[in-house]
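Data first, discussion second: the structure below is written as structure tokens.
The values are calculated or read from the model by the stated rules, or taken from the named source; none is laboratory data. These numbers come from a predicted model, not from an experiment. Here the Cβ is made from the backbone with ideal geometry for all residues, glycine too, and neighbour counts use every protein chain on show. Side chains included, ligands, DNA and RNA excluded: accessible areas come from the protein's heavy atoms. Shrake-Rupley method; radii C 1.70, N 1.55, O 1.52, S 1.80 Å.
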Amino acid sequence: MKRVVKIAVAAIFTSFLGCAFLTHSAALRKNLAERDSIAYWTAARLLIHQQNPYDSTRVLELERQLGYPEDKPLVLRTPPWSLCVILPLGPVNPFQAWILWISVSLGSLLIAMRLCWKIYGLDVVPRNVFTMVGYTFAPVPACLVAGQMGLVLLLGLVLFLWWESDHPYLAGAALLLPFAKPHLLVLFWFALLLWMLAHKKRRIAIGFTVALTSATVLALLFDPHVFQHYRGMLQQASIGYEFIPALSGVLRLLFFRREFWVQFIPMTAGLVWCVWFLIHNQHNWNWRQHGPALLVVSVLTTPYAWLTDEVVLLPAILQAVVVVYQTRAYMKVGGRLVLVMFALLNALLLLILKAKIPFATGIYFWSSMVWFAWYLYGWRRLAAFEKHDPIL
């Protein structure tokens, strides 16, 4: 009976989505050029015709045909091995590509949430609490609205956590997805490399190498000069002169506006912490337990990130939710106020998103600090609980 109810609810929900889609299809077509996913379609379109997917002139021509109003085109900035992810968008028209991309993003979110539930929440926290927190985590709707690839990166990370112990080849291959933006998780990659060398995890390394090589060869088959084109795009984009609404970008803007290297100072400090964290936990290292901490600090200290990229922190957010829920019986008034504060800050981000304030304005720069503080709060509660100390 319970299964029948679930099927009925799913059918009703699907019908509702279908009706909403048909009702608003004209508006969706009109707003295609306002979403970042348009850069994925233009790159894939150029690539399947064996053209340069990073050519700003051709990209702008295609985007103008869809009503893109700006003078600066939205050009794909991820490296050539990431092109395999967006390649299926090329053969279809822009609207079909958007539908396909949103379907992939939603599918990635659903799978990631389900696996996170099995890893962290099963028999520990009510499913509705776990689900509500996951789907209302501000970067999730931000990623869906913008059409960014953050949810695909998230899926790769969660698959790695799920497969790492039992299916190392698959775990290594899954890491190809988050490696589409290697700068985002520098501490994670650094720790992974040291861990693989120290523990001789050859199978994970082989899985990752095979996936990376295959993706690179695929890109080279369509565009033999794709790496030269990628380097030329980076030089033309002049990223060093852009304002990046991350913590590192804001620090540079406030104190050393003309010095691009300043954006790498937080990451350097993060690498020092990463070495200490690895040494401190070397005897009981577990990627499911310790990996999320690397994600949180990586995003906090990265030199280049947007709110939509922070969706990769979903496992860490949910892990902290489970810890807080487990220790709820010891929560005092101060702890309840802390929970309310974090909920309000997340709600504020959702309201800013609803107001359609552009990401480039910098108004979202503080979000990574909120996620860091939330994760740290969860870990401190767990440590105090294990030591039988008073908990807020």
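Before moving on, here are some points about what is shown:
- Accessible heavy-atom area order of 242, 259, 70, 63, highest first, probe of 1.4 Å: 70, 259, 242, 63
- Measuring how big the range 40-199 is from its alpha-carbon positions, Rg and Dmax come out at 17.9, 54 Å.
- Lys/Arg +1, Asp/Glu -1 at C-beta; the chain dipole; positive extreme among 163, 322, 39: 322
- Taking the chain and dividing mean pair separation by its residue count, relative contact order in percent (alpha carbons under 8 Å, at least six apart): 18
- Residue-averaged [θ]222 nm for the chain, counting only DSSP H segments that reach four residues, each worth -39500 (n - 2.57): -21000 deg cm²/dmol
- A probe of 1.4 angstrom, applied to the heavy atoms of all protein chains, finds residue 348 with accessible area near 80 square angstrom.
- For the chain, the fraction of 1.4 Å probe accessible surface lying on carbon and sulfur atoms is 67 percent.
- Along the axis of the charge dipole computed for the chain (Cβ charges of +1 for Lys and Arg, -1 for Asp and Glu, origin at the Cα centre), the listed residues 222, 346, 378 are led at the positive end by 378.
- Surface accessible to a 1.4 Å probe, per residue, for the residues of the chain, Å²: 51
- Each of 78, 361 has its accessible area taken with a 1.4 Å probe; listed largest first, they run 361, 78.
- Bins of 5 Å from zero: percent of alpha-carbon pairs in the range 238-392: 2, 8, 16, 18, 18, 16, 12, 7, 3, 1, 0
- Unit charges on C-beta of K, R, D, E only; dipole of the chain, Debye: 840
- Per-residue surface analysis assigns residue 359 an accessible area of about 40 Å², computed on protein heavy atoms at 1.4 Å probe radius.
- Equivalent-ellipsoid semi-axes of the range 309-348, from the Cα gyration tensor, Å, largest first: 21, 15, 5
- The packing ranking, built from the mean of other Cβ atoms within 10 Å per residue, places the peptides 362-371, 199-208 in the order 362-371, 199-208, highest first.
- Contact order, relative form, for the range 93-243: 19 percent (alpha carbon pairs under 8 Å, 6 or more residues apart, mean separation divided by residue count).
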